[in-house]
Amino acid sequence: MAEKTASKKTSSKTKKARQNSSKKSYDAIVLGLGSMGSATALHLARRGLKVLGIDRFRPPHDQGSHHGGSRVIRQAYFEHPDYVPLALRAYELWEALQKDSRQDLMRLTGALMVGKPDCEVVAGSRAAAEEHGLEYELLEGADLYRRFSPFRPAGGGTVGLFEPAGGVVYPEKAIRANLRLARRAGAELRYKEPAESWEVESDGVRVTTGKGTYSAGRLVLSTGPWLSSVAQELQLPIQVTRQTIAWMAPSKTLAPFLPDIFPAWVWEAEGEPIFYGLPALDGFRGGVKVGIHTHGPQTDAESEERKFTEKDGEAFHQFLSRHMKTLDGRVLRGAVCLYSNTPDGHFLLGPHPNHAQVLVAGGFSGHGFKFSPLIGEILADLVESGETQHPIGLFALDRFAGS
C-alpha cells in the first residue's frame, strides 16, 4: 500500500528522470538524514549493508530540530529511569564517534537541574540517579548560588541537582561527521531530493522521488517533524510545536558563564515554562544560549516561518530578570526550531505495525538528540535482524492504539 508524501502532477521532466534513474536495489533506504537518520546510515554502512540515504534538504540544516549549535546531554534522566541504560550506551557511542571523526563532539561541563525539591526536573533526576547509582550532588539554598553565582532564584525553596557527567553535544558537527563517515563506509547519500511516496512490495519497499524510484529490503522513516505526513496511515499522535532559543549577552561580565565553571542547566520554576541553557561556548560574541523546553504553540513543518521575533525575546527577559539577572542583557540573536511531541513525551521507535520491513523513528519531544548515536545503532539492529538487545518497549508505536 502506497503512502503519499505529496500529491502533484508528474511532469515529463520527472518521468524522464525516473526512467533514467538507477535500477540498483539496496539493503536499506533511510528517509531523512538529520539527527537519527544520519546515525542510522552510518551504522548500517559500517555493517556492510548497501545503504541509500535521502533527504529533502542538505543536512545539517535549520528547518527541523537539530540546529542551534549545542544540546544538553545528561544521564540522570528525569523523564523516566528507563532512559538511563540507554544514555550510558549513548555516551559510549559519542566517545567512539569523536574518536572516529577526530572531532570534539561532546564536552562535559556538568549539568544542573534546578527547581523545588519535588518538581519533576529535580525529583525525577534524583530518582533516576539513585536507581542506577549515578553520581550527583544536591545543592540547597545559598550553596546553589555560591557554587554557580548567576543562579539567583526568586522566592525560597529552590535547589539544584548537579550531575558531573552532564554537559554539551554539538548537533551540526555530529551530523556532518555521521554523513562523512557513512559515505566513507559506502553509503550513497542523496540531498535536496524530497520523497513523493513509498510503498511496500512483496520482497521489500520502493521509494519514489522527483529524481527516481529506488528499491530496498528495508525502509527507515526518520523525517522529524514531517513524519506524520510521510507515514499518514499510522495516524501518529505527534504534535509539532514552535520552540525558541536565544543567545543572550550578560549584563555584566561573561566570566561566570564560561564552560570551565558554568554547567548546562534545566530549570523548572513554579508556574513558569521550563527553561534550559548552556555555557558561553563561543566567548562573548557568541553569548550564552537559553531555550524554552516547555511545548510551544502548535505549528506545521511546511508553514512555519521560523522567524524569531521581538515578542519571542520578551519571554527570555521575563524569566532571566527573575532568576538570572546577570544574564538579562540584550538578545544577540534568536532562532526557531521544531519539537515533534508525543502525548507522553516518550519516543516512537520500532517497526511499522502493518509492515515489518518499515521502521519508524520520531516523536523525540525535544530531548532525543543526545541519544542519536544509539538510535542509529538500534535501527541498524532492527534492519539487520528484526530485533535489538536495547530495551525499547517504552517507545512502542502501538501504545497509543485506541486513543
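The values are calculated or read from the model by the stated rules, or taken from the named source; none is laboratory data. These numbers were taken from a predicted model, which means no experiment stands behind them. Neighbour counts run over all protein chains shown; Cβ positions are idealised from the backbone, glycine included. When the accessible area is computed, the model is the full protein with side chains, heavy atoms only, and any ligands, DNA or RNA have been set aside. Shrake-Rupley method; radii C 1.70, N 1.55, O 1.52, S 1.80 Å.
Starting from the stretch 241-258, take each residue that is assigned to a loop (DSSP other than H, G, I, E, B) and list its partners that are of a type in the set (F, W, Y) and open to solvent by 40 Å² or more (accessible area, probe 1.4 Å), counting only C-beta distances under 6 angstrom and pairs at least six apart or across chains.
Within 6 Å, the pairs are L254/F284.
Within 22 Å of the chain's Cα centre (by Cα) and not small (G, A, S): which single residue out of L349, L327 fits that description?
L349
How about the stretch 167-197: which of its residues are of a type outside the set (A, V, I, L, M) and open to solvent by less than 20 Å² (accessible area, probe 1.4 Å)?
G167, P171, N178, E193, S197
Restricting attention to helices (runs of 4 or more DSSP H) lying wholly within the stretch 68-149, give those where 2 or more residues are within 18 Å of the chain's Cα centre (by Cα) and touching a residue at least 12 places away in the same chain (Cβ under 8 Å).
Those helices (runs of 4 or more DSSP H) span 83-101.
Going by the conditions given, is L349 among the hydrophobic types (A, V, I, L, M, F, W, C) and without any contact (Cβ under 8 Å) to a residue 60 or more places away in the chain? Break it down into steps so the answer makes sense when it comes.
Details: among the hydrophobic types (A, V, I, L, M, F, W, C): yes; without any contact (Cβ under 8 Å) to a residue 60 or more places away in the chain: yes.
When the stated conditions are applied, L349 passes them.
Considering only the stretch 321-344, I want to know if a residue exists there that is crowded, with 23+ Cβ neighbours inside 10 Å and of a type in the set (S, T, N, Q).
yes
Any residue in the stretch 354-366 that is buried (at least 20 other Cβ atoms within 10 Å of the Cβ), in contact with a helix residue (DSSP H, G or I) (Cβ under 9 Å, 6 or more places away or on another chain) and part of a helix (DSSP H, G or I)?
no
Per-residue answers, yes or no, for (1) at pLDDT 95 or above; (2) surrounded by 19 or more Cβ atoms within 10 Å (Cβ to Cβ); (3) more than 22 Å from the chain's Cα centre (by Cα):
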position: G271; (1), (2), (3): no, no, yes
position: Y276; (1), (2), (3): yes, yes, no
position: R285; (1), (2), (3): no, no, yes
position: K289; (1), (2), (3): yes, yes, no
position: P297; (1), (2), (3): yes, no, no
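Among the residues of the stretch 186-212, write down those that are closer than 13 Å to V30 by Cβ, out of contact with any Ser or Thr (no Cβ under 9 Å at 6 or more places or on another chain) and of a type in the set (G, A, S).
Matches in the stretch 186-212: A187 only.
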